[in-house]
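Reading through the structure tokens given below for one structure.
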Amino acid sequence: MHLFFDDSLTNNLIQHSIEGDEAWHCIKVLRLKVNDKITLTDGRGFLYNALVSSINQKKKILEVEIIEVKEKQKYPTANLHIAIAPTKNIDRFEYFVEKATEIGVNEITPIITDNSERKTVNIERISKILISAIKQSGQFYLPTLNNVIHFNKFIEMNHCENKFIAHCNDTEKKSLNDYVKKGQDSLILIGPEGDFSKEEIAISIKKDFKALSLGNTRLRTETAGVVACHSFNLINL
């Protein structure tokens, strides 16, 4: 099934126009024809089954007739928010975004920490990776992507009750299985290549973040993020 994304869709539409890159892919790559079936999502949990009603190759516009709308179950059923320091090599951060979305994550926040080597990300580019990942993995909810924020500001915000910080310091930690039950929303902090500073760890503990273990080995930032997503989703199967 080829899944297409269009956030301008609403569940009371009968006719809809697909334009831009998605229309181009339908016309030139898949070579869809009139009366061919097409499946779309708005990224807000709805699946739209439609039929191609007309094609304008010159203007790259595909007109479709909506024949069925279904609301899909959210997955994971509990909300997972990953706040993660962007990696120096942006390809590694983009890898995390793609794989976390495929596995199942609800919200991603890039955070700047004391040891961060990268302080900016291209939000528009990351958004495109999110869209591509939900299409590839057949999901109908687009994760929320927040703007870059400094650790000290983020830590002061209101968050869910289950809050964790995954750091490399030699202190007592527990796995996600020990902390979280199925259906409980969670926030997990993932640090940069140089880990969180001692001050950041101390501040987070004072703010009721719990020390989280992601295994017995030292993981790269992007690997830690993927492991955290996978662990959370296993709990919520």
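Among the residues of the stretch 61-86, which ones are in contact with a Leu (Cβ under 6 Å, 6 or more places away or on another chain), buried (at least 17 other Cβ atoms within 10 Å of the Cβ) and farther than 30 Å from G191 by Cβ?
Listed by number, the list holds a single entry, I66.
Would you mind stating whether I123 is assigned by TED's automatic domain parsing to the domain that holds S231 and under 19 Å from S231 (Cα atoms)?
No.
In this structure, does E107 turn out to be touching a Ser or Thr at 6+ places or on another chain (Cβ under 7 Å), acidic (D, E) and more than 30 Å from I14 (Cα to Cα)?
So E107 passes the test.
Taking the stretch 88-116 as the region of interest, how many residues are of a type in the set (S, T, N, Q) and either more than 28 Å from E199 (Cβ to Cβ) or not assigned by TED's automatic domain parsing to the domain that holds I126 (or both)?
2
Return the total of residues in the stretch 3-42 being surrounded by 14 or more Cβ atoms within 10 Å (Cβ to Cβ) and closer than 19 Å to A133 by Cβ.
Result for the stretch 3-42: 11.
Out of the residues in the stretch 210-237 that are in a loop (DSSP other than H, G, I, E, B) and touching a helix residue (DSSP H, G or I) at 6+ places or on another chain (Cβ under 8 Å), state the one that is surrounded by the fewest Cβ atoms within 10 Å (Cβ to Cβ).
Among those residues, the one meeting the criterion is G215.
With respect to N169, is the statement that it is in a helix (DSSP H, G or I), under 24 Å from F209 (Cα atoms), more than 14 Å from the chain's Cα centre (by Cα) and not assigned by TED's automatic domain parsing to the domain that holds I18 true?
No; evaluated as a whole, the condition is false for this residue.
Across the stretch 43-58, which residue is surrounded by the fewest Cβ atoms within 10 Å (Cβ to Cβ) among those that are in contact (Cβ under 8 Å) with a residue 60 or more places away in the chain and not in a strand (DSSP E or B)?
Going through the qualifying residues, I end up with G45.
Evaluate the following for R118: is it under 21 Å from A100 (Cα atoms), modelled with pLDDT of 95 or more, outside any loop (DSSP other than H, G, I, E, B) and among the charged types (D, E, K, R)?
Considered against the rule, which asks whether it is under 21 Å from A100 (Cα atoms), modelled with pLDDT of 95 or more, outside any loop (DSSP other than H, G, I, E, B) and among the charged types (D, E, K, R), R118 comes out as no.
Scan the stretch 138-155 for residues that are at pLDDT 95 or above, part of a loop (DSSP other than H, G, I, E, B) and more than 12 Å from the chain's Cα centre (by Cα) and jot them down.
Listed by number, the residues that qualify are N147, V148.
Looking at the stretch 60-98 only, could you name the residues that are more than 15 Å from the chain's Cα centre (by Cα), in a helix (DSSP H, G or I) and hydrophobic (A, V, I, L, M, F, W, C)?
Residue satisfying the conditions is I90 alone.
Mind checking which pairs have a first residue in the stretch 180-208 that is without any contact (Cβ under 8 Å) to a residue 40 or more places away in the chain and a second that is part of a loop (DSSP other than H, G, I, E, B) and not hydroxyl-bearing (S, T, Y), Cβ under 8 Å, 6 or more apart or different chains?
Between residues of the stretch 180-208 that are without any contact (Cβ under 8 Å) to a residue 40 or more places away in the chain and residues that are part of a loop (DSSP other than H, G, I, E, B) and not hydroxyl-bearing (S, T, Y), the close pairs are K198/N169; I201/H167; I201/N169.
Name the residue, out of K128, K173, that is free of Cβ contacts under 8 Å to residues at least 60 places away in the same chain and either of a type in the set (A, V, I, L, M) or farther than 30 Å from N11 by Cβ (or both).
K173 is the lone residue from the list that is free of Cβ contacts under 8 Å to residues at least 60 places away in the same chain and either of a type in the set (A, V, I, L, M) or farther than 30 Å from N11 by Cβ (or both).
Which one of the conditions (1) touching a residue at least 40 places away in the same chain (Cβ under 8 Å); (2) under 30 Å from I38 (Cα atoms) does T144 fail to meet, given that it meets all the rest?
(1)
The values are calculated or read from the model by the stated rules, or taken from the named source; none is laboratory data. Keep in mind the model is a prediction, meaning the values are calculated, not measured. A quick note on method: Cβ atoms are made from the backbone with ideal geometry, for glycine too, and the neighbour counts reach across all protein chains shown.
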